[in-house]
1. Restrict the check to region 126-140 and report whether at least one residue is touching a Phe, Trp or Tyr at 6+ places or on another chain (Cβ under 8 Å), surrounded by 19 or more Cβ atoms within 10 Å (Cβ to Cβ) and not hydroxyl-bearing (Ser, Thr, Tyr).
2. Give me the pairs, please: first residue somewhere in region 23-36 and without any contact (Cβ under 8 Å) to a residue 12 or more places away in the chain and closer than 19 Å to ILE9 by Cα, second residue anywhere and β-branched (Val, Ile, Thr) and open to solvent by 90 Å² or more (accessible area, probe 1.4 Å), beta-carbon distance under 7 Å, and either six or more positions apart or on two chains.
3. Filter region 27-41 for residues that are among the hydrophobic types (A, V, I, L, M, F, W, C) and more than 57 Å from the chain's Cα centre (by Cα); which is surrounded by the most Cβ atoms within 10 Å (Cβ to Cβ)?
4. Please note which strands (runs of 3 or more DSSP E) are completely contained in region 55-157 and include at least 3 residues that are hydrophobic (A, V, I, L, M, F, W, C) and under 24 Å from ASP197 (Cβ atoms).
5. For region 141-162, name all the residues that are open to solvent by 70 Å² or more (accessible area, probe 1.4 Å), of a type in the set (S, T, N, Q) and farther than 21 Å from GLN228 by Cβ.
6. Would you check which residues across region 98-120 are farther than 22 Å from VAL218 by Cα and open to solvent by less than 60 Å² (accessible area, probe 1.4 Å) and list them?
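The values are calculated or read from the model by the stated rules, or taken from the named source; none is laboratory data. None of the values given here were measured: they were computed from a predicted structure. Methodologically, a virtual Cβ is constructed for each residue, glycine included, from the backbone with ideal geometry; neighbour enumeration extends over all protein chains shown. The accessibility values were calculated without ligands, DNA or RNA, using every heavy atom of the protein model including side chains. Shrake-Rupley method; radii C 1.70, N 1.55, O 1.52, S 1.80 Å.
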Amino acid sequence: MVSQSSLSIQIKQLEQDLGGPLFDRRKGGVDLTESGSLAYQVAERVFQELDRLQSALMETERRIKGTVTVGTVNSIGIYILPPILTAFKSAFPDVAMKIDFKDAERVLALLYAGKVDFAIIPWNRRYSELTGVRITQNKMFLVGPPDHALSGQETVSPRDLEAFPFVGYEEGMKTRSMIDALFKRMSVSVEYSIESDNSATIKHMVMAGMGLAFLPDVAVSPEIRAGQLVRIDVPPLVMSRDVVVYHKTNRTLSATRQEFLSFLREYFAPRRHRGAAAQR
């Protein structure tokens, strides 16, 4: 609400700025001068342009476009993300996707540095300044070639594994630490004949008969179905990993990035619901 006196002051100031009177003042009211009429027409066009600008900006905010950058590890990037990215690109063709493959620690470093929008890694922990959303769970199996001595045995004890070489993730990697901790709890000592930071490399070394390995379900399911690998069940050795997408807590997500995060959650939602229903 503007008072009459304030309005009069503002009009006088505007007339001084424009260099002439805008109104013919008469008893009982005012009329626009020629200059005032011109100023009104210009102002009306300005407000119309402002309205169009505001509408355009709102529409830009609503449009799903731009670039989403993701940092992830090989096992997720090779075996989990491709169908998701294909589906997302099909739904939102104006969005460019950039994927950076690193080990998990370096992926988190990229996220902290603002060089990626999301980090998708195979464990669930709390980090300062990061928000994590669990999207799925990936079991890990002990696998070997179909002609392995342990293949087909009904009962395999943890101690039986000590007689055979292993192909494993490089020492210092989180997944390697998790596997070694599992062996330690079982009082089992194994030797690694080959080490790699790449799940696909480890898988092919196992297929070539170089040793046994713990590998993610998504990485070995096709080869198990094809008979190129066999799953070796050792009841006490059970391992699974949460797959979590992290983003910076204090960074406002654009509409496009929010859509990508929602897409990830919804992509796996039916599977989560089916799993919950099966447990009831």
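1. yes
2. Final answer for the pair search is none.
3. LEU32
4. Passing ranges, in order: 95-101, 118-121, 130-144.
5. THR155
6. LEU108, ALA109, LEU110, LEU111, GLY114, VAL116, ASP117
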